[in-house]
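Colleague: Pasting in a structure now, in C-alpha coordinates, and then I'll have a few things to ask.
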Amino acid sequence: MKKPSLLLLLVVVLTFFAPAAHAKPAQKNSSVDTDVYSLIAQVNALRAANGLAPYAINATLMGIAQSHAGFMAANGVSHYGVGGSRPFERALAAGYPLAGDLTQGGFFSENITAGINKSAADAVLEWQGDAPHLNTMLSASLTEIGAGVVLIEDYVYFVIDCGKPTSTGSPQVIPTGMAEVISNVPVNPVVVKTIIPNTPDATGLTNHIVKAGETLWLIAISYGIKIDDIKDANYFVADGEIYPGQKLAIPVTPRPTETPFFPTQTVPPSTTPDVQATVIAGIFSSLTPSPTPPGIMPDLEGLISWNEPQAMLLLVFASAIMLFAIVFMVALSRMQRKNKPEEQNEDSSHKRSHIR
(Lines give C-alpha, C1' and ligand atoms only; values in the text may rest on other atoms or scores of the structure.)
Protein backbone atom coordinates (compact mmCIF):
# COMPACT_ATOMS: atom_id res chain seq x y z
CA MET A 1 0.00 0.00 0.00
CA LYS A 2 2.90 2.33 0.69
CA LYS A 3 4.49 2.20 -2.75
CA PRO A 4 1.23 2.81 -4.70
CA SER A 5 0.51 5.79 -2.42
CA LEU A 6 3.88 7.37 -3.11
CA LEU A 7 3.43 6.77 -6.85
CA LEU A 8 0.01 8.37 -6.77
CA LEU A 9 1.41 11.36 -4.90
CA LEU A 10 4.13 11.76 -7.50
CA VAL A 11 1.56 11.70 -10.31
CA VAL A 12 -0.52 14.37 -8.57
CA VAL A 13 2.47 16.67 -8.09
CA LEU A 14 3.64 16.30 -11.69
CA THR A 15 0.13 16.86 -13.00
CA PHE A 16 -0.27 20.19 -11.24
CA PHE A 17 3.22 21.60 -11.52
CA ALA A 18 4.54 20.35 -14.87
CA PRO A 19 5.12 23.40 -17.11
CA ALA A 20 2.83 23.70 -20.11
CA ALA A 21 4.48 23.57 -23.53
CA HIS A 22 3.76 26.57 -25.72
CA ALA A 23 4.45 26.36 -29.45
CA LYS A 24 6.30 29.42 -30.67
CA PRO A 25 5.14 30.82 -34.01
CA ALA A 26 7.69 30.93 -36.77
CA GLN A 27 9.52 34.23 -36.76
CA LYS A 28 9.77 36.18 -39.98
CA ASN A 29 13.31 36.54 -41.26
CA SER A 30 13.76 40.31 -41.10
CA SER A 31 17.21 40.09 -42.74
CA VAL A 32 15.82 39.01 -46.12
CA ASP A 33 16.45 41.75 -48.70
CA THR A 34 13.36 42.00 -50.88
CA ASP A 35 13.16 45.53 -52.37
CA VAL A 36 13.19 46.12 -56.13
CA TYR A 37 16.38 48.17 -56.17
CA SER A 38 18.30 45.44 -54.35
CA LEU A 39 17.05 43.02 -57.01
CA ILE A 40 18.30 45.31 -59.79
CA ALA A 41 21.61 45.82 -57.97
CA GLN A 42 22.10 42.04 -57.80
CA VAL A 43 21.47 41.73 -61.54
CA ASN A 44 23.85 44.58 -62.38
CA ALA A 45 26.51 43.12 -60.07
CA LEU A 46 26.30 39.89 -62.04
CA ARG A 47 26.63 41.83 -65.30
CA ALA A 48 29.67 43.70 -63.97
CA ALA A 49 31.28 40.42 -62.96
CA ASN A 50 30.89 39.29 -66.56
CA GLY A 51 32.23 42.48 -68.14
CA LEU A 52 28.84 43.90 -69.17
CA ALA A 53 27.45 47.40 -68.71
CA PRO A 54 24.72 47.76 -66.08
CA TYR A 55 21.08 47.86 -67.05
CA ALA A 56 19.45 51.29 -66.91
CA ILE A 57 16.25 51.54 -64.87
CA ASN A 58 13.17 52.32 -66.96
CA ALA A 59 10.01 53.64 -65.29
CA THR A 60 7.63 51.90 -67.69
CA LEU A 61 9.34 48.55 -67.18
CA MET A 62 9.25 49.12 -63.40
CA GLY A 63 5.49 49.63 -63.62
CA ILE A 64 4.68 46.53 -65.63
CA ALA A 65 7.04 44.36 -63.54
CA GLN A 66 5.45 45.49 -60.28
CA SER A 67 1.96 45.01 -61.70
CA HIS A 68 2.79 41.48 -62.83
CA ALA A 69 4.29 40.62 -59.42
CA GLY A 70 0.95 41.57 -57.87
CA PHE A 71 -0.90 39.52 -60.48
CA MET A 72 1.23 36.46 -59.69
CA ALA A 73 0.55 36.88 -55.99
CA ALA A 74 -3.15 36.55 -56.74
CA ASN A 75 -3.02 33.91 -59.46
CA GLY A 76 0.22 31.94 -59.19
CA VAL A 77 3.66 32.17 -60.76
CA SER A 78 3.37 32.44 -64.55
CA HIS A 79 4.59 34.64 -67.40
CA TYR A 80 0.99 35.06 -68.58
CA GLY A 81 -0.73 38.10 -67.10
CA VAL A 82 -4.15 39.75 -67.19
CA GLY A 83 -6.20 38.44 -70.09
CA GLY A 84 -3.49 35.91 -70.98
CA SER A 85 -1.09 38.68 -71.99
CA ARG A 86 2.58 37.88 -72.62
CA PRO A 87 5.47 39.96 -71.23
CA PHE A 88 6.30 41.92 -74.40
CA GLU A 89 2.59 42.55 -75.04
CA ARG A 90 2.26 44.15 -71.62
CA ALA A 91 5.28 46.33 -72.43
CA LEU A 92 3.76 47.47 -75.74
CA ALA A 93 0.37 48.12 -74.12
CA ALA A 94 2.09 50.30 -71.50
CA GLY A 95 3.73 52.37 -74.27
CA TYR A 96 7.28 51.03 -74.03
CA PRO A 97 9.14 51.75 -77.34
CA LEU A 98 10.25 48.16 -77.86
CA ALA A 99 12.89 47.56 -80.51
CA GLY A 100 13.24 44.50 -82.73
CA ASP A 101 10.77 42.36 -84.66
CA LEU A 102 7.54 42.73 -82.75
CA THR A 103 6.04 39.63 -84.39
CA GLN A 104 8.80 37.66 -82.67
CA GLY A 105 8.44 39.46 -79.34
CA GLY A 106 11.09 42.13 -79.96
CA PHE A 107 14.14 42.61 -77.73
CA PHE A 108 12.44 41.67 -74.50
CA SER A 109 12.84 39.04 -71.79
CA GLU A 110 11.30 38.37 -68.38
CA ASN A 111 12.40 36.35 -65.31
CA ILE A 112 10.03 35.38 -62.48
CA THR A 113 10.27 33.37 -59.27
CA ALA A 114 8.73 33.12 -55.81
CA GLY A 115 9.40 31.43 -52.50
CA ILE A 116 9.33 31.60 -48.71
CA ASN A 117 11.82 34.12 -47.28
CA LYS A 118 13.53 34.24 -50.66
CA SER A 119 15.90 37.20 -50.98
CA ALA A 120 16.88 39.19 -54.04
CA ALA A 121 20.25 37.40 -54.01
CA ASP A 122 18.46 34.03 -53.87
CA ALA A 123 16.35 34.96 -56.90
CA VAL A 124 19.35 36.00 -58.99
CA LEU A 125 21.27 32.89 -57.96
CA GLU A 126 18.34 30.70 -58.96
CA TRP A 127 18.08 32.40 -62.37
CA GLN A 128 21.70 31.52 -63.07
CA GLY A 129 20.73 27.85 -63.07
CA ASP A 130 19.62 27.69 -66.71
CA ALA A 131 20.48 29.39 -69.99
CA PRO A 132 17.19 31.28 -70.73
CA HIS A 133 17.06 32.97 -67.30
CA LEU A 134 20.80 33.66 -67.30
CA ASN A 135 20.54 35.21 -70.77
CA THR A 136 17.87 37.63 -69.50
CA MET A 137 20.41 39.02 -67.02
CA LEU A 138 23.56 38.77 -69.20
CA SER A 139 22.16 39.71 -72.60
CA ALA A 140 24.38 42.02 -74.62
CA SER A 141 21.36 43.12 -76.65
CA LEU A 142 19.13 44.32 -73.80
CA THR A 143 19.85 47.65 -72.09
CA GLU A 144 17.01 48.52 -69.70
CA ILE A 145 15.37 46.85 -66.73
CA GLY A 146 12.35 47.07 -64.48
CA ALA A 147 11.71 45.05 -61.33
CA GLY A 148 8.71 44.17 -59.20
CA VAL A 149 8.48 42.59 -55.75
CA VAL A 150 5.43 41.61 -53.73
CA LEU A 151 5.73 40.30 -50.18
CA ILE A 152 2.81 38.41 -48.58
CA GLU A 153 3.82 37.47 -45.05
CA ASP A 154 6.97 35.36 -45.68
CA TYR A 155 6.25 34.55 -49.33
CA VAL A 156 8.04 36.76 -51.87
CA TYR A 157 7.29 37.20 -55.59
CA PHE A 158 10.04 38.54 -57.88
CA VAL A 159 9.83 39.85 -61.47
CA ILE A 160 12.39 41.49 -63.75
CA ASP A 161 11.50 42.77 -67.21
CA CYS A 162 14.44 43.59 -69.48
CA GLY A 163 14.20 45.23 -72.89
CA LYS A 164 15.81 47.39 -75.53
CA PRO A 165 14.10 50.57 -76.69
CA THR A 166 14.11 51.90 -80.23
CA SER A 167 16.93 54.25 -81.19
CA THR A 168 14.48 57.13 -81.56
CA GLY A 169 12.69 56.42 -78.28
CA SER A 170 9.36 56.28 -80.11
CA PRO A 171 7.12 53.19 -80.25
CA GLN A 172 7.08 51.19 -83.45
CA VAL A 173 4.00 50.77 -85.56
CA ILE A 174 2.33 47.61 -84.31
CA PRO A 175 1.94 45.07 -87.12
CA THR A 176 -1.48 44.17 -88.51
CA GLY A 177 -3.07 41.41 -86.47
CA MET A 178 -1.25 42.42 -83.28
CA ALA A 179 -2.97 45.76 -82.76
CA GLU A 180 -6.21 44.17 -81.57
CA VAL A 181 -4.33 41.86 -79.21
CA ILE A 182 -2.34 44.74 -77.71
CA SER A 183 -5.44 46.92 -77.34
CA ASN A 184 -7.09 44.24 -75.22
CA VAL A 185 -4.20 44.16 -72.74
CA PRO A 186 -5.12 46.36 -69.75
CA VAL A 187 -2.86 49.38 -69.38
CA ASN A 188 -0.69 48.98 -66.30
CA PRO A 189 -2.60 50.61 -63.41
CA VAL A 190 -1.06 52.44 -60.50
CA VAL A 191 -0.63 49.75 -57.83
CA VAL A 192 -2.25 50.86 -54.59
CA LYS A 193 -0.54 49.90 -51.35
CA THR A 194 -3.34 50.09 -48.78
CA ILE A 195 -7.06 49.49 -48.56
CA ILE A 196 -9.41 50.66 -45.81
CA PRO A 197 -11.63 47.62 -45.13
CA ASN A 198 -15.40 48.03 -44.90
CA THR A 199 -17.25 46.98 -41.76
CA PRO A 200 -18.97 43.55 -41.98
CA ASP A 201 -22.71 43.33 -41.41
CA ALA A 202 -24.53 41.12 -38.89
CA THR A 203 -24.28 38.08 -41.19
CA GLY A 204 -20.49 38.30 -41.27
CA LEU A 205 -20.35 39.47 -44.90
CA THR A 206 -19.32 42.78 -46.38
CA ASN A 207 -19.13 44.11 -49.90
CA HIS A 208 -16.00 45.60 -51.42
CA ILE A 209 -16.03 47.66 -54.62
CA VAL A 210 -12.83 47.03 -56.59
CA LYS A 211 -10.89 50.21 -57.38
CA ALA A 212 -8.21 50.79 -59.99
CA GLY A 213 -4.90 49.31 -58.97
CA GLU A 214 -6.31 46.87 -56.41
CA THR A 215 -5.42 43.20 -56.60
CA LEU A 216 -6.84 40.09 -54.96
CA TRP A 217 -3.80 39.63 -52.74
CA LEU A 218 -4.05 43.23 -51.49
CA ILE A 219 -7.77 42.90 -50.78
CA ALA A 220 -7.23 39.58 -49.00
CA ILE A 221 -4.45 41.00 -46.82
CA SER A 222 -6.49 44.10 -45.98
CA TYR A 223 -9.39 41.99 -44.70
CA GLY A 224 -7.20 39.36 -43.02
CA ILE A 225 -8.46 36.46 -45.17
CA LYS A 226 -7.10 34.23 -47.93
CA ILE A 227 -7.43 34.73 -51.68
CA ASP A 228 -9.27 31.38 -51.89
CA ASP A 229 -11.86 32.73 -49.42
CA ILE A 230 -12.68 35.56 -51.84
CA LYS A 231 -12.81 33.15 -54.80
CA ASP A 232 -15.15 30.80 -52.92
CA ALA A 233 -17.51 33.67 -52.09
CA ASN A 234 -17.45 35.09 -55.66
CA TYR A 235 -17.81 32.53 -58.44
CA PHE A 236 -17.01 35.11 -61.15
CA VAL A 237 -13.42 35.57 -59.89
CA ALA A 238 -12.53 31.87 -59.89
CA ASP A 239 -9.88 32.63 -62.52
CA GLY A 240 -8.36 35.29 -60.25
CA GLU A 241 -9.14 38.29 -62.47
CA ILE A 242 -10.87 41.35 -61.01
CA TYR A 243 -11.74 44.68 -62.58
CA PRO A 244 -12.50 48.18 -61.27
CA GLY A 245 -16.14 48.55 -60.31
CA GLN A 246 -16.70 44.90 -59.46
CA LYS A 247 -18.60 44.15 -56.25
CA LEU A 248 -16.93 41.44 -54.17
CA ALA A 249 -18.49 39.64 -51.23
CA ILE A 250 -15.90 39.48 -48.44
CA PRO A 251 -16.55 36.59 -46.00
CA VAL A 252 -15.28 38.34 -42.90
CA THR A 253 -16.82 36.96 -39.71
CA PRO A 254 -17.37 39.63 -37.05
CA ARG A 255 -15.88 38.94 -33.63
CA PRO A 256 -18.56 37.29 -31.46
CA THR A 257 -19.68 38.93 -28.26
CA GLU A 258 -17.84 37.45 -25.32
CA THR A 259 -20.11 35.45 -23.03
CA PRO A 260 -19.34 33.53 -19.84
CA PHE A 261 -18.32 29.93 -20.48
CA PHE A 262 -20.28 28.84 -17.39
CA PRO A 263 -23.69 30.33 -16.55
CA THR A 264 -23.89 32.34 -13.36
CA GLN A 265 -25.83 30.44 -10.73
CA THR A 266 -27.62 32.10 -7.85
CA VAL A 267 -27.57 30.15 -4.59
CA PRO A 268 -30.73 30.68 -2.50
CA PRO A 269 -30.13 31.94 1.04
CA SER A 270 -30.09 29.37 3.80
CA THR A 271 -30.87 29.82 7.48
CA THR A 272 -28.19 27.25 8.38
CA PRO A 273 -24.65 28.42 7.62
CA ASP A 274 -22.69 26.05 5.41
CA VAL A 275 -19.27 25.75 7.05
CA GLN A 276 -17.59 24.24 3.98
CA ALA A 277 -19.00 26.88 1.64
CA THR A 278 -17.96 29.60 4.07
CA VAL A 279 -14.35 28.38 4.18
CA ILE A 280 -14.09 28.07 0.40
CA ALA A 281 -15.69 31.47 -0.11
CA GLY A 282 -13.14 32.97 2.27
CA ILE A 283 -10.28 31.50 0.24
CA PHE A 284 -11.63 32.85 -3.05
CA SER A 285 -12.28 36.26 -1.56
CA SER A 286 -8.57 36.55 -0.73
CA LEU A 287 -7.69 35.88 -4.37
CA THR A 288 -10.05 38.34 -6.03
CA PRO A 289 -10.48 42.08 -5.41
CA SER A 290 -14.24 41.84 -4.89
CA PRO A 291 -15.34 40.13 -1.63
CA THR A 292 -17.60 37.08 -1.78
CA PRO A 293 -20.50 36.94 0.70
CA PRO A 294 -20.28 33.96 3.12
CA GLY A 295 -22.34 30.97 2.10
CA ILE A 296 -22.22 31.72 -1.63
CA MET A 297 -19.82 30.05 -4.06
CA PRO A 298 -17.91 32.51 -6.26
CA ASP A 299 -18.97 33.08 -9.84
CA LEU A 300 -17.10 30.67 -12.12
CA GLU A 301 -16.82 33.40 -14.75
CA GLY A 302 -14.42 35.16 -12.40
CA LEU A 303 -12.21 32.08 -12.27
CA ILE A 304 -11.62 32.23 -16.01
CA SER A 305 -10.23 35.76 -15.78
CA TRP A 306 -7.69 34.97 -13.07
CA ASN A 307 -4.12 35.70 -13.83
CA GLU A 308 -1.30 33.16 -13.55
CA PRO A 309 -0.30 33.75 -9.85
CA GLN A 310 -3.89 33.34 -8.70
CA ALA A 311 -4.32 30.16 -10.72
CA MET A 312 -1.09 28.74 -9.30
CA LEU A 313 -2.26 29.48 -5.75
CA LEU A 314 -5.47 27.58 -6.42
CA LEU A 315 -3.51 24.61 -7.77
CA VAL A 316 -1.31 24.58 -4.66
CA PHE A 317 -4.40 24.61 -2.45
CA ALA A 318 -5.99 21.74 -4.43
CA SER A 319 -2.76 19.75 -4.28
CA ALA A 320 -2.58 20.19 -0.51
CA ILE A 321 -6.14 18.89 -0.11
CA MET A 322 -5.39 15.84 -2.28
CA LEU A 323 -2.16 15.19 -0.36
CA PHE A 324 -4.05 15.33 2.94
CA ALA A 325 -6.63 12.88 1.58
CA ILE A 326 -3.92 10.45 0.47
CA VAL A 327 -2.15 10.59 3.86
CA PHE A 328 -5.46 10.05 5.63
CA MET A 329 -6.28 7.01 3.48
CA VAL A 330 -2.82 5.52 4.09
CA ALA A 331 -3.13 6.02 7.86
CA LEU A 332 -6.62 4.55 7.90
CA SER A 333 -5.44 1.51 5.94
CA ARG A 334 -2.59 0.89 8.40
CA MET A 335 -4.91 1.16 11.40
CA GLN A 336 -7.24 -1.39 9.82
CA ARG A 337 -4.40 -3.82 9.21
CA LYS A 338 -3.17 -3.34 12.81
CA ASN A 339 -6.61 -4.01 14.29
CA LYS A 340 -7.16 -7.25 12.37
CA PRO A 341 -4.61 -9.36 14.37
CA GLU A 342 -6.08 -8.12 17.68
CA GLU A 343 -9.58 -9.11 16.56
CA GLN A 344 -8.28 -12.52 15.49
CA ASN A 345 -6.61 -13.03 18.91
CA GLU A 346 -9.80 -12.10 20.72
CA ASP A 347 -11.78 -14.54 18.56
CA SER A 348 -9.29 -17.34 19.29
CA SER A 349 -9.40 -16.69 23.05
CA HIS A 350 -13.16 -16.69 22.98
CA LYS A 351 -13.25 -20.01 21.16
CA ARG A 352 -10.81 -21.63 23.61
CA SER A 353 -12.80 -20.46 26.61
CA HIS A 354 -15.96 -21.79 25.02
CA ILE A 355 -14.42 -25.21 24.49
CA ARG A 356 -13.32 -25.43 28.11
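Colleague: Report the accessible area of Phe108, computed with a 1.4 Å probe over the heavy atoms of all protein chains in place, in Å² rounded to the nearest 10.
Modeller: Surface accessible to solvent at Phe108 totals approximately 30 Å².
Colleague: Of Leu248, Leu313, Leu323, Leu134, which has the most accessible area and how do the rest follow, probe 1.4 Å?
Modeller: I get Leu313, Leu323, Leu134, Leu248, largest accessible area first.
Colleague: Could you check how much of the accessible area of the stretch 37-165 is carbon and sulfur, as a whole percent, using a 1.4 Å probe?
Modeller: 54
Colleague: Provide the descending list of Cα extents for the stretch 65-196 along its principal axes, expressed in whole angstroms.
Modeller: 44, 40, 22
Colleague: Shifting gears a bit: Would you rank Lys164, Lys231, Lys226 by solvent-accessible area, highest first, keeping every protein chain in place and using a 1.4 Å probe?
Modeller: Output order, biggest surface exposure first: Lys226, Lys164, Lys231.
Colleague: At 0.36 nm per residue, minus the direct Cα-Cα distance, what do Ile225 and Asn184 gain on full extension? Give it in nm, one decimal, please.
Modeller: Details: separation 41, 0.36 × 41 = 14.76 nm, distance 3.11 nm.
Contour length minus Cα-Cα distance gives 11.7 nm.
Colleague: Can you give the extra length, in nm with one decimal, that the chain gains between Tyr37 and Ala49 once fully stretched, where that is 0.36 nm per residue apart less the Cα-Cα distance?
Modeller: Between Tyr37 and Ala49, full extension yields an extra 2.5 nm.
Colleague: Another question, if that's okay. Between Met335 and Leu315, take the C-beta separation as r, use R0 = 41 Å, and let me know the FRET efficiency to the nearest 0.05.
Modeller: 0.85
Colleague: Sticking with this structure for a sec: Quick one: which residues, 5+ away or cross-chain, put their amide H under 5 Å from the amide H of Met178? H built at 1.01 Å from N.
Modeller: Amide H neighbours of Met178: none.
Colleague: At 1.4 Å probe size, put Tyr37, Tyr243 in order of accessible surface, largest to smallest.
Modeller: Listed by decreasing accessible area, they come as Tyr37, Tyr243.
The values are calculated or read from the model by the stated rules, or taken from the named source; none is laboratory data. All of these numbers come straight from a predicted model, not from anything done at the bench. Counting neighbours? That spans all protein chains shown, and the Cβs are built from the backbone with ideal geometry, glycine included. We work out accessible area using only protein heavy atoms, side chains counted, and drop any ligands, DNA or RNA first. Shrake-Rupley method; radii C 1.70, N 1.55, O 1.52, S 1.80 Å.
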